[in-house]
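For reference, the structure is listed below as structure tokens.
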Amino acid sequence: MNIRLAIRNFRKFIKALPASVLNKKRRFVRLTWWQSPFILFFDKADKSIFSVSARHYVDSLTADEIYTNHNYNLKRLSRCASIYDAYQVMIEEGKIPLIIDCGANSGLASRYFAKEFPKAKIIGIEPDLSNVDIARKNCRPHKNVTIEQAAIGAKAGFANIQNQSASANAIRVELSDKPTGIAITTIPNIVKETAKADKKNVYELFMVKVDIEGFEDDLFSSNTGWIANLPLLSIELHDWMLPNQGKSRNFLKAVSKYDRDFVYIEDNVYSIKN
């Protein structure tokens, strides 16, 4: 198959489409059926074609979750306007909105946020090195994205991957008392280090996305003051996957301290500052 010719012909086809078709609900359209080594998508918003790297079926499934099914489309929220207003206010105040993607996996959520919030700084945190490598590859076109190999928790320390043979989107970590493991960073530390690395700009925490396969019980066990003024917190909880362990308990305790809305859409809980 001549991919360049196919893309060229598709672009001609798109230009001929009426606006009524381009303005339909779904923004992204998957153009290729194959699962790897890359997947092509069409963005109806700016009429561009882009590719994302994929290693296997799991990466293909993740790409569909984020782009085909619009898993992080905030327009599904009734509070959407106030969230984007908070983003705009930060920019007007001369600040750079900071988005932290906890559990970055193959980097596609970070890449999605980079396109949706082009003036934000996105930091993806991912413990698995193989995922880190492909995440960096996927986010390379966006200079406002940084992918770091680390786990995210309540306090600094170390962790091990407890299920190394699991699917790429199901990696779980556990606390370790050995300094040879994967470093654990914290939300406050990321904010601090981001400001330290770029003293020319002022950063403000705008959004935290959490999908860390049950380790949210550690993340929200203490040191949660960062939630107070955070405009948007998005999290996938894992009691369904790890029953009888109360993995959501610490999250619920932490957010209940503050005046925030709580919205559940499909796999994601959205905690929005009032």
- prompt: Kirkwood hydrodynamic radius (Cα pairs, Å) of the chain?
  reply: 19.6 Å
field: DSSP loop chymotrypsin sites (Phe, Trp or Tyr not before Pro) with at most 11 other Cβ within 10 Å: longest gap in the chain
entry: 35-239
field: Positive-end residue of 226, 179, 194, charge dipole of the range 159-236 with Cβ unit charges
entry: 194
- line: Counting only protein heavy atoms with a 1.4 Å probe and every protein chain in place, the carbon and sulfur fraction of the accessible surface of the chain in whole percent equals 52 percent
- prompt: lysines near residue 44 by alpha-carbon distance under 21 Å, same-chain residues fewer than 8 away left out - which ones?
  reply: 12, 15, 24, 25, 75, 115, 119
- prompt: In the Gaussian network model of the chain, springs joining C-alpha atoms below 10 Å, which of 97, 179, 127 carries the largest mean-square fluctuation?
  reply: 179
- request: Work out how much length residue 264 to residue 198 would gain on full extension: take 0.36 nm times their residue separation and subtract the Cα-Cα distance, in nm to one decimal.
  value: 20.2 nm
query: Classify the range 172-274: rounded, prolate or oblate, from the alpha-carbon gyration tensor (a ≥ b ≥ c, eigenvalue square roots; a/c under 1.5 rounded; otherwise prolate if a/b is larger than b/c)?
result: oblate
task: Using a Gaussian network model of the chain whose springs link C-alpha atoms within less than 10 Å, name the residue from 51, 60, 106 with the highest mean-square fluctuation.
output: 51
- prompt: Within the range 89-168, which trypsin sites (Lys or Arg not before Pro) sit in a loop by DSSP and count at most 15 neighbouring Cβ atoms inside 10 Å?
  reply: 119, 143, 155
- request: Please check the chain for the longest run free of GluC sites (Glu not before Pro) that are loop-located per DSSP (anything but H, G, I, E, B) and have at most 12 other Cβ atoms within 10 Å.
  value: 94-265
- line: Whole-number value, in Å³ per residue, for the convex hull of the alpha carbons of the range 158-218 is 116 Å³
- prompt: Any idea what the relative contact order of the chain is, in percent, if you count C-alpha pairs under 8 Å spaced at least 6 apart?
  reply: 13 percent
message: With n ≥ 4 as the cut-off for DSSP H runs, can you work out [θ] at 222 nm for the chain, using -39500 (n - 2.57) per run divided by the number of residues, rounded to the nearest 500?
response: -8000 deg cm²/dmol
task: Provide the gained length on full extension for the span residue 140 to residue 228, in nm with one decimal, where the gain is 0.36 nm per separating residue minus the Cα-Cα distance.
output: 28.5 nm
task: At a temperature of 4 °C and a viscosity of 1.567 mPa s, determine how fast the range 12-170 diffuses translationally according to Stokes-Einstein, using the Kirkwood radius over alpha-carbon pairs as Rh; express D in µm²/s, rounded to the nearest whole number.
output: 76 µm²/s
task: Report the full-extension gain for the segment residue 245 to residue 45: residue separation times 0.36 nm, less the Cα-Cα distance, to one decimal in nm.
output: 67.7 nm
task: Would you list which lysines come within 19 Å of residue 121, measuring only between C-alpha atoms, while excluding same-chain residues fewer than 8 positions from it?
output: 95, 137, 143, 192, 196, 199, 200, 209
- prompt: Roughly how many debye, to the nearest 20, is the charge dipole of the range 181-246 about its Cα centre, given +1 on each Lys and Arg Cβ, -1 on each Asp and Glu Cβ, and no other charges?
  reply: 520 debye
query: DSSP beta bridges in the chain, what fraction antiparallel, as a percent rounded to 5?
result: 50 percent
field: Size of electric dipole in the chain: Cβ of Lys, Arg +1 and of Asp, Glu -1, about Cα centre, debye, nearest 20
entry: 1400 debye
- request: Counting only heavy atoms of the protein chains, get the accessible area per residue of the chain (1.4 Å probe) and round it to a whole Å² value.
  value: 50 Å²
- line: With the 8 Å Cα cutoff and a minimum separation of six or more residues, the range 148-269 has a relative contact order in percent of 23 percent
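The values are calculated or read from the model by the stated rules, or taken from the named source; none is laboratory data. Quick caveat: nothing in here was measured; it's all calculated off a predicted structure. Reconstructed Cβ throughout: ideal geometry from the backbone, glycine too, with neighbour counts over all protein chains shown. Just so you know, the surface numbers come from the protein's heavy atoms only, side chains and all, with ligands and any DNA or RNA stripped out. Shrake-Rupley method; radii C 1.70, N 1.55, O 1.52, S 1.80 Å.
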